[in-house]
1. Say whether the condition of being among the aliphatic types (A, V, I, L, M), in a loop (DSSP other than H, G, I, E, B) and open to solvent by less than 40 Å² (accessible area, probe 1.4 Å) is met by at least one residue in segment 152-169.
2. Mind telling me which of the residues VAL190, VAL182 ends up being part of a strand (DSSP E or B), open to solvent by 40 Å² or more (accessible area, probe 1.4 Å) and of a type in the set (Val, Ile, Thr)?
3. So which residues in segment 91-114 are buried (at least 16 other Cβ atoms within 10 Å of the Cβ) and either touching a residue at least 40 places away in the same chain (Cβ under 8 Å) or touching a helix residue (DSSP H, G or I) at 6+ places or on another chain (Cβ under 7 Å) (or both), if there are any at all?
4. Give segment 6-31 a look and list any residue that's open to solvent by less than 10 Å² (accessible area, probe 1.4 Å) and free of Cβ contacts under 8 Å to residues at least 24 places away in the same chain, or say none.
5. Would you say ARG48 is in contact (Cβ under 8 Å) with a residue 12 or more places away in the chain, surrounded by fewer than 13 Cβ atoms within 10 Å (Cβ to Cβ) and within 23 Å of the chain's Cα centre (by Cα)?
6. So ALA55 ticks every box in (1) open to solvent by 60 Å² or more (accessible area, probe 1.4 Å); (2) at pLDDT 95 or above; (3) of a type in the set (Gly, Ala, Ser); (4) farther than 13 Å from VAL119 by Cβ but one. Which box is left unticked?
7. Could you grab me the full set of residues in segment 115-147 that are closer than 20 Å to ARG101 by Cα, among the charged types (D, E, K, R) and open to solvent by 20 Å² or more (accessible area, probe 1.4 Å)?
8. For a quick check of your reading of the model, give me the residue pairs whose first member lies in segment 62-86 and is closer than 20 Å to GLU161 by Cα, whose second is among the aromatic types (Phe, Trp, Tyr), with beta-carbon atoms closer than 9 Å and at least 6 apart or on different chains.
Amino acid sequence: MSGFKHGPKPLIGLIGAIGAGKSTAAKCFAARGGRVIDADALGHEALRQPEIIAALVELWGAEIRNADGLLDRRAIGRIVFADRKQRNALENVVFPYIGERTRHEIFAAQANPDVSFVVLDAAVLLEAGWSDLVDSLVYIDAPRSTRLARLATRSGWNETELSARESAQLSAEEKKKRAQAVIVNDAGAVELQEQVDRVLGNILKT
């Protein structure tokens, strides 16, 4: 019998500062035999479900749909990042679906003999109340200037947009306090993999 919460393999929760390169760090874990469960991708999947589309249209009206009938995520973003009440309403609709799909993926990964450990890559892991799923929590960080440059290139965000999204999450200090390890992603791919390997070695030893 393992000492892990949900099976014989450790489950690592990956959280981090917006734009710190959490997905890049997740690939470093995957390179060492981990199965990465991407909660952001499951969130996008949730927004394609007919019952979720219907619930959100009922909340905010047909203007949140594109011509193809699917949801306009940018329009939803404008609504929820401007108003905490609306953000809570969105979370109440989508978090149960994402949580259920996440648990299914964890079960499948635990049963897969080719998987050495499981990584839950979830920016809102703590906010969604999923910390009970993981055995260890790892926080990915990077200097704010580095993160802003990445986000400007990737998404066209500016300082205001980054701040709005940060205010929708727990503070960096709180997240770091709850993490068992912090990885700073500001020195390139080789250094990032070395840091991941060190953290992973410590987790697998416990």
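The values are calculated or read from the model by the stated rules, or taken from the named source; none is laboratory data. From a predicted model like this one, the values you see are computed outputs, not experimental measurements. Glycine gets a Cβ as well: all are built from the backbone with ideal geometry, and neighbour counts include every protein chain shown. When the accessible area is computed, the model is the full protein with side chains, heavy atoms only, and any ligands, DNA or RNA have been set aside. Shrake-Rupley method; radii C 1.70, N 1.55, O 1.52, S 1.80 Å.
1. To start, the set of residues in segment 152-169 that are among the aliphatic types (A, V, I, L, M) comprises 152, 162, 164, 168.
Checking the rest, the ones that are also in a loop (DSSP other than H, G, I, E, B) come to 168.
Add one more test, that the residue is open to solvent by less than 40 Å² (accessible area, probe 1.4 Å), and what stays is 168.
The answer is yes, given that some residue of segment 152-169 is among the aliphatic types (A, V, I, L, M), in a loop (DSSP other than H, G, I, E, B) and open to solvent by less than 40 Å² (accessible area, probe 1.4 Å).
2. Working: VAL190 fails: part of a strand (DSSP E or B).
Sole residue among the options that is part of a strand (DSSP E or B), open to solvent by 40 Å² or more (accessible area, probe 1.4 Å) and of a type in the set (Val, Ile, Thr): VAL182.
3. Once the filter is applied, which keeps residues that are buried (at least 16 other Cβ atoms within 10 Å of the Cβ) and either touching a residue at least 40 places away in the same chain (Cβ under 8 Å) or touching a helix residue (DSSP H, G or I) at 6+ places or on another chain (Cβ under 7 Å) (or both), segment 91-114 yields VAL93, VAL94, TYR97, ILE98, ARG101, THR102, GLU105, ILE106, ALA109, GLN110.
4. Passing the criteria: none in range.
5. yes
6. With respect to (1) open to solvent by 60 Å² or more (accessible area, probe 1.4 Å); (2) at pLDDT 95 or above; (3) of a type in the set (Gly, Ala, Ser); (4) farther than 13 Å from VAL119 by Cβ, ALA55 is out only on (1).
7. Correct list: GLU127, ASP132, ASP135.
8. Short answer, once both residue conditions are applied: ALA75/TRP60; ILE76/TRP60; ILE79/TRP60; GLN86/TRP60.
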